[in-house]
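The values are calculated or read from the model by the stated rules, or taken from the named source; none is laboratory data. As the structure is a prediction and not an experimental result, all values here were calculated from the model. Note that each Cβ is placed from the backbone with ideal geometry, even for glycine, and that neighbours are counted across all protein chains shown.
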Amino acid sequence: NAGVMQNPRHLVRRRGQEARLRCSPMKGHSHVYWYRQLPEEGLKFMVYLQKENIIDESGMPKERFSAEFPKEGPSILRIQQVVRGDSAAYFCASSPPARGNYGYTFGSGTRLTVV
Amino acid sequence: GDSVTQMEGPVTLSEEAFLTINCTYTATGYPSLFWYVQYPGEGLQLLLKATKADDKGSNKGFEATYRKETTSFHLEKGSVQVSDSAVYFCALSGDSNSGYALNFGKGTSLLVTP
């Protein structure tokens with residue numbers, strides 16, 4: 001059973017470029033959560049998605065950030081016009097279709113560096 | 001809002017020493033509490049959890065007891081190993097409709113030396 005797969009593991013972008021982070025949930029998991037870990041900080045919740053639906057995006061910055069989880073394919077976290085402050089580790093977690101926190105599985109993360 | 005405070009690191013211990021990492025929380029209602037571990041370059045792994053007061057979570061020699069009266073969930077291990085070197089995160093989730101979102105502490109780095 002493959003775990004939660006995130007790619008790329010490392011991503012370098014210049015200021016102003018777009019960053020696309022991908023997350024394939026575990027088999028049988030239909031709920032996806034994105035978290036961001038800034039240096040020296042804990043993880044902060046960003047967004048919760050089910051297939052084709054954004055359930056809660058209360059942790060997403062209001063501009064430049066978007067997320068989707070299409071019917072087919074991985075979940076995508078998109079950051080437009082990246083700035084240095086976007087440099088962080090972005091983690092995806094997935095869970096089966098039940099109250100999420102008991103069945104969370106995290107991926108290994110994508111470490112974004114903006115230069 | 002809900003929040004988690006855990007002791008600052010780094011914590012450096014010799015192999016076979018006793019470990020305590022303090023964690024206290026602020027929450028309304030009856031949250032579930034978790035400890036996650038992050039090894040270098042990897043994602044978070046659930047270490048243990050407790051879902052109600054006085055529950056004790058345990059795994060791989062680690063333990064933590066959900067203490068509602070002191071709003072604490074301290075992580076302990078009787079004898080640490082070099083392989084326990086990692087960052088440990090305390091987290092909670094609420095019991096409301098937002099129960100899926102985890103609130104994390106800032107993490108405590110542990111280094112165990114031979």
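Descriptive notes on the structure:
- Extreme residue, nearest to B:Phe104 (Cα to Cα), among residues of segment A:8-60 that are touching a helix residue (DSSP H, G or I) at 6+ places or on another chain (Cβ under 9 Å) and loosely packed, with under 15 Cβ neighbours inside 10 Å: A:Leu38
- Tabulated pairs, segment A:13-38, first among the acidic types (Asp, Glu), second part of a loop (DSSP other than H, G, I, E, B), C-beta under 8 angstrom, 6+ apart or interchain: A:Glu18/A:Gln80; A:Glu18/A:Gln81; A:Glu18/A:Val82
- Evaluation of A:Phe69 against (1) within 25 Å of B:Gly41 (Cα to Cα); (2) surrounded by 16 or more Cβ atoms within 10 Å (Cβ to Cβ); (3) more than 13 Å from chain B (Cβ to nearest Cβ) (one fails), failing number: (1)
- Take the conditions (1) within 14 Å of the chain's Cα centre (by Cα); (2) part of a strand (DSSP E or B); (3) surrounded by fewer than 16 Cβ atoms within 10 Å (Cβ to Cβ); A:Thr113 misses just one of them, which is (1).
- Criterion (under 30 Å from B:Ala50 (Cβ atoms) and of a type outside the set (Lys, Arg)) met by exactly one of A:Pro8, A:Pro74, A:Pro96, A:Pro61: A:Pro96
- Strands (runs of 3 or more DSSP E) enclosed by segment B:44-114 - at least 1 residues per element that are touching a helix residue (DSSP H, G or I) at 6+ places or on another chain (Cβ under 9 Å): B:44-50, B:62-65, B:75-77, B:86-93, B:102-104, B:108-113
- All positions within segment B:27-61 that are at pLDDT 90 or above, within 20 Å of B:Asp84 (Cβ to Cβ) and charged (D, E, K, R): B:Lys49, B:Lys56, B:Lys60
- Segment A:47-62 residues that are at pLDDT 90 or above, paired with ones that are of a type in the set (S, T, N, Q) and outside any loop (DSSP other than H, G, I, E, B) (beta carbon under 7 Å, 6 or more apart): A:Leu49/A:Ser75
- Unmet requirement for A:Tyr90, which otherwise passes all of (1) out of contact with any Leu (no Cβ under 7 Å at 6 or more places or on another chain); (2) within 11 Å of another protein chain (Cβ to nearest Cβ); (3) under 24 Å from A:Arg14 (Cα atoms): (1)
- Residues satisfying the stated conditions in segment A:64-88, i.e. of a type in the set (Lys, Arg) and more than 11 Å from the chain's Cα centre (by Cα): A:Arg64, A:Lys71, A:Arg84
- Candidate set from segment A:18-50 (those that are basic (Lys, Arg) and farther than 20 Å from A:Gly73 by Cα); member that is nearest to the other protein chains (Cβ to nearest Cβ): A:Lys44
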